[in-house]
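One structure is given below, encoded as structure tokens.
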There are 2 protein chains.
Amino acid sequence: MNAVITTELSHPTREALELSAVLHALSDPVRLKMVRYLASSPDEPSCRSFDVPVTKSTCTHHFKVLREAGVIHQRQQGTARLNALREEDLAARFPGLLATILQAAADR
Amino acid sequence: MNAVITTELSHPTREALELSAVLHALSDPVRLKMVRYLASSPDEPSCRSFDVPVTKSTCTHHFKVLREAGVIHQRQQGTARLNALREEDLAARFPGLLATILQAAADR
């Protein structure tokens with residue numbers, strides 16, 4: 001997989017995004033909750049600000065799965081790790097996919 | 001999970017479909033290939049007619065995951081097990097989801 005290195009965290013390039021990896025990343029209820037929170041956040045929330053019912057290490061694992069699938073971008077700022085949805089990249093590769101899944105999650 | 005029994009095979013009801021289970025079912029490349037084949041089939045193809053690079057038992061497992069997630073309906077006809085996409089149920093519960101994923105898979 002092609003990857004670019006950003007402050008030691010690897011991210012797949014837009015062209016390297018895989019549909020199956022994105023669907024797998026979004027198939028976990030906790031990860032989907034994280035993504036919904038990111039979609040509603042105007043800024044880049046730090047890992048600590050997510051309200052999810054899992055341990056810190058499990059949370060770190062979920063962020064890693066989301067980042068490696070190309071769903072989120074993470075960058076280090078001091079001691080905080082900031083997170084952002086890769087909405088433009090996902091929309092370019094899989095038009096409508098993220099929006100449709102977020103809508104389906106909101107309708108439940 | 002609510003389920004109705006059809007010729008010994010259990011299927012979740014439309015109301016019991018879970019987004020995370022559907023996304024998980026579709027996150028496997030082989031299962032997604034099966035679903036694409038079903039989406040393009042006018043009839044109900046039997047399990048034997050799927051051209052996928054896995055053993056028969058793995059194929060049976062994949063069909064089971066798809067059925068239990070509510071993505072496909074299976075029914076027994078003599079010695080053949082016939083398969084159909086639950087397009088109406090999926091569209092009712094998660095509007096646009098299946099179509100968007102099939103489109104994303106086709107664009108690759």
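At a glance:
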| item | result |
| --- | --- |
| Accessible area, probe 1.4 Å, largest first, for residues A:THR13, B:THR55, A:THR79 | A:THR79, B:THR55, A:THR13 |
| Net charge over other residues, Cβ less than 9 angstrom from the Cβ of A:ASN83 (K, R count +1; D, E count -1) | +2 |
| Per-copy distances of the B:SER49 label point, shortest first, in nm (7 angstrom along Cα→Cβ) | 5.3 |
| Residue mean of other protein chain beta carbons inside 10 Å, A:20-33 | 4 |
| Pseudo-label separations to other copies for B:ALA92 - Cα-to-Cβ vector, 7 Å, nm | 4.0 |
| Per residue accessible area of chain B, 1.4 Å probe, in Å² | 52 |
| Diffusion coefficient, µm² s⁻¹, Stokes-Einstein with Kirkwood Rh over alpha-carbon pairs of chain B at 37 °C and 0.692 mPa s | 234 |
| Distance violations [Cα-Cα > 24 Å] among A:LYS33/B:LYS33; B:LYS33/B:LYS64; A:LYS33/A:LYS64 | A:LYS33/B:LYS33 |
| Value at 222 nm in deg cm²/dmol, rounded to 500, when DSSP H runs of n ≥ 4 in chain A each add -39,500 (n - 2.57) | -14000 deg cm²/dmol |
| Inter-part distance where the range A:56-108 and the range B:35-108 are each reduced to a Cα centre, Å | 28 |
| Estimated FRET transfer efficiency when R0 is 22 angstrom, pair A:ALA99-B:CYS47 (beta carbons, to 0.05) | 0.05 |
| Heavy-atom accessible surface of chain A: percent carbon and sulfur, 1.4 Å | 51 |
| Contact surface A-B: accessible area buried, both sides summed, square angstrom, 1.4 angstrom probe | 1500 |
| Shielding score for B:92-103, defined as the mean number of other chain Cβ atoms within 10 Å | 4 |
| For the protein assembly as shown, the Rg and Dmax computed from alpha carbons only, in angstrom | 18.6, 66 |
| Qualifying GluC sites (Glu not before Pro) in the range B:5-108, DSSP loop, other Cβ atoms within 10 Å at most 12 | B:GLU8 |
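The values are calculated or read from the model by the stated rules, or taken from the named source; none is laboratory data. Here the structure is a predicted model, which is why all the values come from computation and not from measurement. Backbone-built Cβ (ideal geometry, glycine too); neighbour counts: all protein chains shown. In case anyone asks, the SASA skips ligands and DNA or RNA and just uses the protein heavy atoms, side chains included. Shrake-Rupley method; radii C 1.70, N 1.55, O 1.52, S 1.80 Å.
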